[in-house]
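In what follows, a single structure is set out as structure tokens and then discussed.
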Amino acid sequence: MWKVLSLAFIIFIQIYWFKISKKSDAEWEKLWESIGTRFRRTLFELEGLLIKIGQFLSIRADLLPHGFIRQIQDLTDKVPPSEWEEVERILEAEWGAPIEAHFECIDKKAVASASIGEVYKGTLKDGKETAIKVQRPQIQSIIQTDFRTLKIIIWFADHFLPVPKGFINFKVLFQELKQVIERELDFSKEMISLLYFKNRFKHTEEVKIPDVYPELSTKKVLVMEWVEGIRLTDDERLGELEVSRQELAKRLISIFLPQWLEPGAFHADPHSGNIHVTKKGKIILLDFGMTGEISRRDAVHFQALIEGFLSKNYPKAVESLTHLGFLLPEADPRTMERLLAELMSFQPSQLKEMDLVALKLEMNDMVRALPIQVPTRFVFLGRSFITIEGIVRSLASDKELTDMVKPVFMDWLNKQGNNKWSFIWYWLQSQPLFKLIHSFTEFSKLPQKLEHLKENEQRREFQFTIYENSKKHFFQVMLLGFIGTAAGFYTDEQIILYISAGAAAAGGAGFLIYGHKLKKWMRYMHEIRR
């Protein structure tokens, strides 16, 4: 706790000092790079939950400075394995019997070792090979310590760190992270997720999900079928497969696109260690400890968003982004439509000629400048999407990807019971004639919308005025109380002294309460409004 808290407080002090000193952008960039370097070093030194937090932060380029993100990108979840004797004790305690009662043998060298669990290869009495996932010794107490430490840091960041608060709710983010990690600590829940995905893809021949042995699985141990596979990052062995790299990319898109668009669970941690491929080209999905969920309402709006992009119906896309919560109330729909049209006008050939790193950084700056937010409930969906995007881009070129996504999406639409008529309808909505009719309709509704906006603005202004006036009045009461207290003390009048001291205390309390309310009200207002 001391190492993490001291690191956090040093970072807070440095940020405040740079803000007070009004340092240049170049100096800020160097500061964030040094902070990222120290942060990364501390993660690997202390392991546990902190590596998970680092991976989580590394996908929030929309919130965090470029220099910091650069230092914590490509964080691996590989940590040194535990001593076999400790692992053996956990296995025998969970099974209530010696290892020999169930297994012919277990390889004492870990096949994989991560921050929460380790994987060992074992052979059952009937000769079947298994993968045994075991919770790391003492991980429960380590995680609890990490959570207590993180809670303190979140509290300080939420109250004192001079960064825009309107873009993200630290408390909600902490609760979501805690919920996901606690779920990952319970291997019985991971088994349920594994069975869910196995049932979901039971009719998909291109997907292989290991069988599970429920009788040997507990909260701390998960025993699965051993499946041989090739990592998607192993270029040499991928060349020996029966299918092309482009076909693998297409299969990945067809497997994950429905997860992101349909109601239900999705794999939230699909990095290269959790996705392998068989020699015949089947995609192997592993490690279902970290999953997210898409609600039915969000799924409908995501589908409409994709349809809007593919048919170039940008008003529909902006409407979907609003329903999903990505656009703040003050976002101008027309401006966002023009921006989406410009972004989607890029051709793959143009992208090849650009500095993609510079383009990505520019996009991050644009996200910060525009009235855009990333709802906390979509952070793990973003993690899943960005990870798969990276893997797919390593398998196929940009032009090939463009040609792949549209037919995969159309095929998925048909399977959902939709047909091309719905797509054509979206396309018609994007045409000039339809836009003209739509503009007339919108124009007729304009007075009503303006009245509604005016009413909302008046309510906000009224609430702000109440807080500001109350704070001012309590300050006046506190000031008069101090003056009265001084007068009572000077004249030696006990009644005046006590009444004035009480008034000063009440005024001070009211001043602090309404000051806090005013600060909280301002915190959730967007930068433009402030």
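Here are some notes:
- Added length on full extension, which subtracts the Cα-Cα distance from 0.36 nm per residue, residue 211 to residue 44: 56.8 nm
- Residue 397 versus residue 483: modelled label distance in nm, points set 7 Å from Cα along the beta carbon direction: 8.0 nm
- Here the simple spin-label model places points 7 Å from the Cα toward Cβ, and for residue 155 and residue 516 these points are separated by 1.3 nm.
- Computed FRET value (nearest 0.05) for residue 509 with residue 171, which takes r as the C-beta separation and R₀ as 30 Å: 0.80
- Within the accessible area of the range 181-232 (1.4 Å probe), percent carbon and sulfur: 50 percent
- Per-residue extension of 0.36 nm, minus the Cα-Cα distance of residue 465 and residue 29, leaves a gain of 153.1 nm for this segment.
- Here the peptides 5-15, 92-102 are ranked by packing, the mean other Cβ count within 10 Å, and the order with the highest first is 5-15, 92-102.
- Calculated FRET value between residue 219 and residue 9, using beta carbons and R₀ = 51 Å, to 0.05: 0.90
- Computed from the C-beta positions of residue 109 and residue 237 and an R0 of 25 Å, the FRET efficiency is 0.70 to the nearest 0.05.
- Split the accessible area of the range 282-338 by element, probe 1.4 Å, and carbon with sulfur accounts for 56%.
- Order by protection proxy (mean Cβ within 10 Å, highest first), peptides 321-328, 463-470, 284-291: 284-291, 321-328, 463-470
The values are calculated or read from the model by the stated rules, or taken from the named source; none is laboratory data. Every value quoted in this text rests on a predicted model; they were computed, and no experiment measured them. All Cβ positions, even for glycine, are placed from backbone atoms using ideal geometry, and neighbour counts span all protein chains on display. Protein only, heavy atoms only, side chains kept; ligands, DNA and RNA dropped before computing areas. Shrake-Rupley method; radii C 1.70, N 1.55, O 1.52, S 1.80 Å.
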